[in-house]
Amino acid sequence: MSEANPLKRAARKITNSLQDNGATPEEGIPGRPGPESPSVAEPTEPRDPLPPKPDQSGPDTVSPTGQPTGADQARMAQSGSYLTTAQSTRLYDTDHSLKAGPRGPVLLQDHHLREKVMHFDHERIPERVVHARGAAAHGVFQSYGTAASVTKAAFLSEDKETPVFVRFSTVLGSRGSSDTVRDTRGFATKFYTSEGVFDLVGNNIPVFFIQDAIKFPDVIHAGKPHPDREIPQAQSAHDTFWDFVTLHTEATHHTLWNMSDRGIPRSYRMMEGFGVHTFRLVNAEGATTLVKFHWKPKLGVHSLVWEEAQITNGVDPDFHRRDLADAIEAGAHPQWELGIQTFPDTPDQTFEGIDLLDPTNLVPEELAPVQPVGLLTLMRNPSNFFAETEQVAFHVGHLVPGVDVTDDPLLAGRLFSYLDTQITRLGGPNFPQLPINRPHAPVNDMLRDGMHQTAVHRGVAPYRPNSLDGGCPFLAGADTGAFVETPVRVPEAAKVREAPESFADHFSQPRRFWLSMSPIEREHIIAAYTFELGKCYEQAVKERALQVLANIDPNLCAEVATGLGLPAPQPTVPLAEVEASPALSQVGGTWPTDGRVIGIVIGPDGDLRGVSAVREAVLDASMVPLVVAPAGGVFGSGEGMVTVQRTYATARSVEFDAILLAGTPGVGGDAYGARDAKAFPAPRSRRPVTPASDCWCRRPFGTARPSARGPAARRSSKHPGCPSTRRAWWSVTQAPAPWRSSPVCWASIARGTGSGLCERSASERPGRRPGFAPDTAGLSYAGSRPFRRRPPRRLVTQGMTMQTFLPFPDFAASAAALDPRRLGKQRVEALQLLRGLMVPGYGWRHHPAVRMWTGYEEALVRYGLEVCCVWTAAGRADTCAGSLMTDFTAHRADVGVRTQERLAADGELPPWLGNPAFHRSHRSALRRKDPGFYAPLFPDVPEDLPYVWPASDRSR
Ligand code: HEM
């Protein structure tokens, strides 16, 4: 009998084609069963537990003291063939309580029942107080050695491989909340280094809400669900959040990032990571450099659009968690490059006028490029979520020699908070002994006892000094690998509960972010603010938020005000004059497509020739093919067999990055023709497309493509309709012949070269992101092979372009001629040069800018003081003049600092001062740096003269 319903017809056909044992697991498909397929009947032969799946691994099997045990990891938790109690006694029944007769009361003597239920009753531990929901993976960090000049940390030395465990998370939601909410994402990395554990506990946003950790409980209370009804879950669209961030305007910058596309990432694999704070690196000579850490994803930075994020929350709340695990299982191992921005370690700890201790600030990459120092690859999923992802304990105080902290007040609070919370969360002080937290380097502490102590210590004298245990353990020195705090000079001060004045500017950095956004990114930000504030009940909160927006940008404020139906206020502070930072925009660039999910829609009636080859091509390109059919099962037989992974009932459009139609897939039996993608439009209007015009640039996710600026993208952001209107539909059999048959076409999709833009080299593209921008653009996808881009051998330290700018022989005249940016930097550089000359072992002492002042330190200080004088005359704060004097008199206590006139009279000025070629080269360099400012000052000087580096006539 023929079946009228197409869905049922398809299902029957598939069922008929199912063969015994036909559904073998397929390579590269996520969710594969383990190495052995289970039998339908319950197994009867006792056997050992199955090993983990190939994509999984647990923590390395080391003892609590970091000793490799060589034990088989699969046996560490369970071993033997028979069910036992926790005490290893074999059991014959675990389904029935011990009773006085089958219908009688349960007996108190049932020790198995007691143990089993007791343990279950205590299976839950408190979730993290923040970042409760997360997903993690094991991997390896390979260092390039480029950071060796600025840090002695062993894990950053050349070609060192360090095992890592990385946990990604949302901040606000509880452990069971959804993944694709608008929120900050955590990006925490545990490096198991040869010198102990180093944790880099960062976020996907480079700035933070608050400047001082004492406000952390407040901002979290405001962001978490309201305490009366405990709603809303995992989101910021509510009154208490906006009440807090509008009353604490330091939160403006972070909030703006949250409202941008960064708040809804496409995938954990497509996020940047940031250490946020400024850290201090120390090299083997003891010289220090301030740095900010960055993770740059190989796959680029991509986001969802809001409608997709919301739909995904419903259809797959585990979207990010699944995406990470599936990609790893499919062999598309996610990769990030670790990079650092470097800054001179000056007493005022500012760079280009940016206070490096203020965690609401970032330093634009155009001012301080991110320099790659190593590569992270995640290649194993955890084998047990609780033991690894849930029990891992990160801490910003887990440091190794060569990496130190700064006095950022937010960081100070974190240094206290993490260990404290983990005592409650993990039930006592011995959580470092949990397998996932164990260092891989020897542990020899004097910490003893406590809940859940697993180490069996010997000896009688866990104190120092002792004689009873032979004096063990001994103390190390810096030369034997001890972590020695950097002896940073602390300025003389009184105890106060205050923030420095430099923390008071809350709007110029948000304005820079806003100005750096492309039009579509701005549209999304406006929509996000309008949505979030529209969910607030309190009028006062909305009005206050509009005031904050007015201080960022009046247009942003006006657009949101229109959406809220409120008047737009005027700014209450002068709008900051800041330059855009193109690196902040997600738009621009072409990226590999590893791990993207391709739906291949097939039907039993269609022409299925080539589907297996297409699957293989997708897999070869490190993407994940999921076969979708009206019903489940297997098509064909032998080599041409195709297994169905999703049915019309179980698949959702938001799951896929692109869809391929193989043949003429059947109409969904439950489809509603007018608006349901499962009821395909009439065949005539089905659009055969070529890879040159469609493919990734039209893929549904994200806004990172220039082509996403088009009407389709605008339509999607304005009209929350069915997202499948933006799908790329490729018809394998309807496409022109070359497209159908040529593997090249497939390769071009896989490499993300679908638009004309992609064919140009990376350097030609506007708005190119620094970091991962492989020179062959998207063509350099690496598949599951380890991606390796050799960075320059030496790190360029910020300040290596150090210089004292002397367009004139007169110090004061030179200072007066400098633009504000150069002037601010010159204070710091004069100090750096002085230290290069006077502090033994200090960096940069071989730099020509240092050498030319040799023997004329006092003249250099005079130059620095003149610069500081012009700087402060404009009402700006300065600490460099004091430092110059302190440093100089510390080494030359006998003298003060003479005027330039006096120095000239005493023959204490360097011989090159007054050399016309020298001063002309500086005028030329200044013209290069800021033509607008210096061209009118030095109209007759060309911009391309090389620096003249004169020698001193004195030696050290
Ligand atoms: C730059 C600012 C901050 C960043 C980047 C940051 C990042 C993170 C991350 C990534 C996690 C999750 C770690 C994991 O996956 O297990 C986390 C957890 C946590 N953070 Fe922060 N955080 C910041 C500020 C703070 C501050 C100021 C405090 C407290 C004063 C704090 C307290 C905590 C606590 C208590 C946890 C839970 C830790 C646990 O239960 O193991 N954080 N943070």
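Nothing in this text is a laboratory measurement; each read-out follows from the coordinates by a stated rule. Fair warning: this is a prediction, and the values are worked out from it, not measured in the lab. Please note: Cβ atoms are built from the backbone with ideal geometry, for glycine as well, and neighbour counts cover all protein chains shown.
If r is the Cβ-Cβ distance from VAL839 to GLU616 and R0 is 51 Å, what FRET efficiency results, to the nearest 0.05?
So, using R0 = 51 Å, E works out to roughly 0.25.
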Residues listed by number, region 424-449, amide nitrogen under 18 Å from ALA461 label point at 7 Å toward C-beta: 444-448
Charge tally in the Cβ shell below 11 Å around THR252, where Lys, Arg are +1 and Asp, Glu are -1, THR252 excluded: -1
Label-point gap, in nm, between SER174 and GLU42 - each point 7 angstrom along Cα→Cβ: 3.5 nm
Point-to-point label distance, VAL490-PHE933, nm (Cα→Cβ direction, 7 Å offset): 3.6 nm
Contour minus Cα-Cα distance for ARG75 and TYR418 (0.36 nm per residue): 120.3 nm
Length released on extending from ASN444 to ALA649, taking residue separation times 0.36 nm less the Cα-Cα span: 68.1 nm
LEU107-ALA476 FRET efficiency (beta carbon distance; Förster radius 35 Å; 0.05 resolution): 0.05
Rg in Å to one decimal, and Dmax rounded to a whole Å, for region 811-934 via C-alpha atoms: 14.3, 44
Eligible aspartates and glutamates near LYS535 by straight Cα distance, threshold 17 Å, same-chain separation 8 or greater: ASP183, GLU230, ASP239, ASP243, GLU307, GLU543, GLU559
Rounded if a/c under 1.5, otherwise prolate or oblate - region 534-610, Cα gyration tensor axes: oblate
Residues ARG425, ARG280, ARG124, ARG827, sorted so that the one with the fewest Cβ neighbours within 10 Å comes first: ARG124, ARG425, ARG280, ARG827
Set LYS292/LYS542; LYS190/LYS296; LYS53/LYS160 screened for pairs whose C-alpha atoms are more than 23 Å apart: LYS292/LYS542; LYS53/LYS160
11 Å beta-carbon shell around GLU485, net charge (K/R +1, D/E -1): 0
Separation between Cα centres of region 292-339 and region 365-389, rounded to whole Å: 12 Å
Partners for LYS99 among aspartates and glutamates (Cα-Cα distance below 17 Å; same-chain residues under 8 apart left out): ASP110, GLU115
Full-stretch length increase - ALA917, ILE231 - with 0.36 nm per residue and alpha-carbon distance subtracted: 239.9 nm
